[in-house]
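The values are calculated or read from the model by the stated rules, or taken from the named source; none is laboratory data. This structure is a prediction, so every number in the text was calculated from the model and none was measured. Glycine gets a Cβ as well: all are built from the backbone with ideal geometry, and neighbour counts include every protein chain shown.
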Amino acid sequence: MDSQYETASQPDTGNDVYTFLEFNTQGDEDFDYAEFQGLSQPIRPSASVWPSSSDSVSALDIASSSEIRGGRVAAGANNGNVSSGSSKDAGVVESLAAGMSGLNFEDTGADDEIFEYGKGEFAEHACRYCGVTNPACVIRCNAPSCRKWFCNSRGNTSGSHIVNHLVRSKHKEVCLHKDSPLGETILECYNCGCRNVFLLGFISAKTESVVVLLCREPCLSVSALKDMNWDLSKWCPLVEDRCFLQWLLKVPSEQEQLRARQISAQQINKIEELWKTNPDATFEDLEKPGVDDEPQPVALKYEDAYQYQNVFAPLIKLEADYDKMMKESQSKDNITIRWDVGLNKKRIAYFVFPKEDNELRLVPGDELRLRYSGDAVHSSWQSVGHVIKLTAQEEVALELGAIQQDFPLDVTHGFSVDFVWKSTSFDRMQGAMKTFAVDDTSVSGYIYHHLLGHEVEMHLVRNAVPRRCGAPGLPELNASQVSAVKSVLQRPISLIQGPPGTGKTVTSAAIVYHMAKQGQGQVLVCAPSNVAVDQLAEKISATGLKV
Ligand SMILES: [Zn+2]
Ligand SMILES: [Zn+2]
Ligand SMILES: [Zn+2]
């Protein structure tokens, strides 16, 4: 036991693909698998490698990690009685749970050092939140940049530690511990290989005590296993109520949880934020000065525009810093290029920009730097361009300089791509707030007080409300769109909100049309992204206005 904890290391499973996870509690060794022609025979290791002093565990054969690399894992119980219950489904889960509850990692006494945080050597597979080390209770996040271990206890939070981590970090894949009852196994859909644990569930065979993992979309919905002996209506998600199912990942015992570090949801938020810049950060780092400087909360009312600026300027700075960090960490190497020339005679480079487990996605207008570090016959080269489109094949089209420039056109492999971060939109926000504070003429008194949340007397604009609120070239407006148009035309400032697809863009275009027709001058339209401006401009143009 002792040596097992101390030698536990993160196995490198990056290149291994486990395509099948099967739990077989059928006791009969001579069981005929003829009905599973589509599936290959499970590996049935004869030697028990499960290290425990408990008798109940010796009945459970566990495949060692080297055997699982063959592509599948089978945990078969030698005891023929375990699945003799009347309900087969319940039998599978119960017998697995029974096997797991027999696992005992607390009774050696030598584990104290490991459980107690900050004392002695910390096991690598300890839950990074609370320190629990029981291999039956911990699971590894399989995101390549992460590979941290978390347990299945909720502690003081609403979700289990592993689910908390996956949600906050937007990671989705997990791998069981090599010493867990099912061995070192990446959880994935039997049919398509999907590893998103939030889509995965399990189903039991109709006649045998075997379980497979299947994803909800698309494999369950297209009944991918319909020809086989599986009852798809019995599909159950692996993550339920923000916790992994217990037969798959045990919840640490009350005693283990009491000895673990008590961590709040707020601490989890902070450490997850810290991991984005420093993946090895620990809870001690949270106590360092500077980490804890909370910005002022936003208010519903402000004294004046200076107070407003004091609250919002640091928030915009934080957002800008985060955006810069996210985008600049997106450099990709070994990019393969396809060269082309655009209609405007500019050089275009096409390439696939690998998507990773992050929230950043490229949009037209983004600025990228294309680099080539040089070789025996080419000197190093770089050029900055704009994304002009993303093709259906997920290719990025990057428009570079004029065709006469010096491009390494005979090279297609080994390029690098960096994101060029621009502060323009954040600079404009800061600039606008400063103008709002120092320049009395920047906005009307009504808008000034309205933005600061002061009580202001309703102020109607004397505008003729059009009899027909729609505009030529646009779809007919529905009743709530009509009332939005009327209301906006009579007020100096309005907010229209609605879920996606409810026609905010069409309504906005109709408003712009009527404002322009009232002949009070030009109308300035702005939106938070180039894509949104383009869509609005398209609709406005459809009304016949000059855009
Ligand atoms: Zn992770
Ligand atoms: Zn934990
Ligand atoms: Zn699938």
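Points to keep in mind about this one:
- Annotation: LEU300 fulfils all but one of (1) under 27 Å from the mean Cα position of the chain (by Cα); (2) over 30 Å from SER373 (Cβ atoms); the unmet one is (1).
- Checklist (1) within 12 Å of ligand 3 (Cβ to nearest atom); (2) surrounded by fewer than 19 Cβ atoms within 10 Å (Cβ to Cβ); (3) part of a loop (DSSP other than H, G, I, E, B) applied to ASP280, failing item: (1)
- Filter result for ARG140 (in a loop (DSSP other than H, G, I, E, B), in the same structural domain as ARG195 (by TED's automatic domain parsing) and either modelled with pLDDT of 50 or more or closer than 25 Å to CYS194 by Cα (or both)): no
- GLU256 vs. criteria crowded, with 20+ Cβ neighbours inside 10 Å and among the charged types (D, E, K, R): yes
- Checking each residue in region 301-351 for being in contact with a Gly (Cβ under 9 Å, 6 or more places away or on another chain) and of a type in the set (Lys, Arg) picks out LYS301, LYS346, ARG347.
- Test result for SER145, surrounded by fewer than 20 Cβ atoms within 10 Å (Cβ to Cβ), farther than 17 Å from ARG242 by Cβ, more than 16 Å from ligand 3 (Cβ to nearest atom) and among the polar types (S, T, N, Q): yes
- Residues of region 119-154 satisfying the condition of being at positive phi and either within 9 Å of ligand 2 (Cβ to nearest atom) or among the small types (Gly, Ala, Ser) (or both): GLY120, GLY131
- Of the residues making up region 190-233, just one is charged (D, E, K, R), at pLDDT 85 or above and part of a loop (DSSP other than H, G, I, E, B), namely ARG195.
- Taken over region 155-189, the criterion of being surrounded by 19 or more Cβ atoms within 10 Å (Cβ to Cβ), in a loop (DSSP other than H, G, I, E, B) and within 14 Å of ligand 2 (Cβ to nearest atom) is satisfied by GLY155, GLY159, SER160, HIS177.
- Single residue of LEU187, LEU166, LEU214 found to be in the same structural domain as PRO144 (by TED's automatic domain parsing), away from ligand 1 (no atom under 16 Å from the Cβ) and at negative phi: LEU214
- Set LEU248, LEU214: member being within 15 Å of GLU173 (Cα to Cα) and touching a helix residue (DSSP H, G or I) at 6+ places or on another chain (Cβ under 7 Å): LEU214
- Applying a threshold of 8 Å to beta carbon distances and a minimum spacing of six or more residues, or different chains, the list of pairs starting in region 383-400 at a residue that is closer than 17 Å to SER416 by Cα and free of Cβ contacts under 8 Å to residues at least 40 places away in the same chain and ending at one that is among the aromatic types (Phe, Trp, Tyr) and not in a strand (DSSP E or B) reads SER383/PHE407.
- In region 216-233, the residues that are touching a Phe, Trp or Tyr at 6+ places or on another chain (Cβ under 9 Å) and either closer than 18 Å to SER153 by Cα or more than 16 Å from ligand 3 (Cβ to nearest atom) (or both): ASN229
- Residue count for region 122-142 satisfying the condition of being crowded, with 22+ Cβ neighbours inside 10 Å, closer than 14 Å to ASP280 by Cα and among the hydrophobic types (A, V, I, L, M, F, W, C): 2.
- Pick from region 190-207, criterion more than 17 Å from LEU249 (Cα to Cα) and surrounded by fewer than 19 Cβ atoms within 10 Å (Cβ to Cβ), ranking: farthest from ligand 2 (Cβ to nearest atom): THR207
- Pairing each residue of region 250-272 that is in contact (Cβ under 8 Å) with a residue 60 or more places away in the chain and assigned by TED's automatic domain parsing to the domain that holds PRO181 with any residue that is assigned to a helix (DSSP H, G or I) and within 16 Å of ligand 3 (Cβ to nearest atom), provided the two are 6+ apart or on different chains, yields no C-beta distance under 6 Å.
- For beta carbons closer than 7 Å, sequence separation of 6+ or different chains, a first residue in region 169-183 that is over 12 Å from ILE139 (Cβ atoms) and a second that is of a type in the set (Val, Ile, Thr), the qualifying pairs are LYS172/VAL197; PRO181/ILE62; GLY183/ILE62; GLY183/ILE68; GLY183/VAL73.
- Any chance ILE337 is farther than 26 Å from ASN134 by Cβ, touching a residue at least 60 places away in the same chain (Cβ under 8 Å) and touching a strand residue (DSSP E or B) at 6+ places or on another chain (Cβ under 8 Å): yes
- Taken over region 143-154, the residue count meeting the criterion of being within 13 Å of ligand 1 (Cβ to nearest atom) and in a loop (DSSP other than H, G, I, E, B) is 6.
- Consider region 454-479 and keep the residues that are touching a helix residue (DSSP H, G or I) at 6+ places or on another chain (Cβ under 9 Å) and among the small types (Gly, Ala, Ser). The one that is nearest to ASP366 (Cα to Cα) is GLY473.
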